[in-house]
Structures are given as structure tokens and as C-alpha cells.
1. Suppose the chain between ASP140 and ASN66 were pulled fully straight at 0.36 nm per residue; how much longer would it get relative to their current alpha carbon spacing?
2. Between GLU35 and TYR186, how many nm apart are label points set 7 Å from Cα along the C-beta direction?
3. With a 10 Å Cβ neighbour count serving as the proxy for reagent exposure, in which order, fewest first, do TYR186, TYR107, TYR195 appear?
4. Note the direction-averaged projected area, equal to a quarter of the hull surface, for the Cα convex hull of segment 25-105, in nm².
5. Using a basic spin-label model with each label point 7 Å from the Cα along Cα→Cβ, how many nm lie between GLU42 and ASN75?
6. Among the listed pairs LYS85/LYS114; LYS33/LYS61; LYS162/LYS211; LYS25/LYS61; LYS114/LYS162; LYS119/LYS213, give every one whose C-alpha distance is greater than 21 Å.
7. Scan segment 69-108 for trypsin sites (Lys or Arg not before Pro) in coil per DSSP, keeping those whose Cβ has at most 16 other Cβ atoms within 10 Å, and list them by number.
8. R0 = 22 Å: FRET efficiency of ASP28 with SER102, Cβ-based, nearest 0.05?
Amino acid sequence: MNKKHFFFWLAMFAVTITLFLACEKVIDISLNKNELTLVSGETETLIATIYPNDATNKKVKWTSSNPAVATVNDNGLVTAIASGKATITATTQNGKKTATCSATVDYRAKWVGKYKCEKIKTNPGLPTLIATPILTVALDGDSLVWFLEEENSSHCINLRAKVDSDGGFTSDYQSFQYPAIRGNFYTDSLHLYFYIGSGSWGTIYNYEGKKLKNVKQ
């Protein structure tokens, strides 16, 4: 092989290596969820997406900032251990790119979701102001559950109450000052009494709702 051919093949080799490394290099990573809210003992799998799609090394290392709260295995399976917060991090082996998900473990998480009204009763002789509402139940603060009615319903309510580990809750219901609320969560249903008005002038509602399945929170 003469010198001319040697430098030609050397240049071709350099170009090949450059193209290979360009395809190999990971430029970013994302997760299918940025937040998780789980009950102790519950599991959920996070899915990592590597960019570009043609990157050849898509290996990811999973870590938890607080394994006492939530652990994660090599496949992105998050397991809730105890109440608290943890950050789940996925790090690419190539390029050391990272993506994170905030995990909250809370006994109230089992009741978070959307509930469709199955039955609602009010004071005898008074019209029902709420037409088959869907209530959104979400965590709000360290010891509260937040009920927010869908915006397209005929009457919007925003109720907060402390919830016990057995699913019971109350918020000054007997004083008849808005928002007066009490009720219970069950496995997949919500029984709710609430009062709208001021003093003795108002309406008491008896609401029963069923939790909607497969609804994105």
C-alpha cells in the first residue's frame, strides 16, 4: 500500500468513526411522568425515552434520592415504601444525561382521582344547583384533600377537608358556615355532605360519587 492509499483509508476510517460516534452520542432523555403519587406498597413503572432514536447505547441507571420512601429497580419500577417524598433519577450511561420524577408516598393517594355523581339529594322542595358534577379530588398540602368541581358544571365548588387514614373527613360541618363538609371515602366511591350558604340560609347536599377508572390525573 502506497502512502496515497494509506492516507485515503486513514481519512475514511476517521470519517466512519466520527459518524459512528455522532450516532452513538445521547443528547437527551425524558420520562413518561414527571410526578407520581403512590400509596405505600404500590408500584409504578417509569419509561425512559432516549434521544436521538438511533443512539446505540441506551442503557440507563436508575436511582432514588430517598430509598426509605421509594425505591427503583434497573427497569424503572418504582415501589412506594413509606410516607414522604423522593426524587427518581434516570441517568444515561452515554453522555450522563438525566431526567427526574418526583415521587410522593401518601396514604391519601388511593382516593385521588375523578368521581362522577351517581346520586345527589338536597333540601326538600329546593332545586338542585348541581347537575351530575364530576368532582376532582387532589392532594393539597400536608393534611388536606381538595375537591374541585369540573368547570363545565352548572355550579362550581371548591372544598377542602382533612382526611383520616380510614377515609373519613370533616370540616366544621355543624357550624353551617361555608364550606361545611363531612363524608367518607370508600374503595372506589365518595359519600359527601356539604353546605352552601351562610348561617341558617343555605342548601345541604348529600352527594354520592363513583371513581372513574382509567382517567388521566
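1. Extending this stretch completely gives an extra 24.5 nm.
2. For the pair GLU35/TYR186, the computed spacing is 2.9 nm.
3. Going from sparsest to densest Cβ surroundings: TYR186, TYR107, TYR195.
4. Approximately 4.4 nm², given one-decimal rounding.
5. Simple spin-label model gives 2.1 nm for this pair.
6. LYS85/LYS114
7. LYS96
8. 0.70
Read the figures in this text as sums done on the coordinates, not as results from a lab. What you are looking at is a predicted structure, and each value in this text was computed from that prediction instead of being measured. Virtual Cβ from ideal backbone geometry, glycine too; neighbours counted across all protein chains shown.
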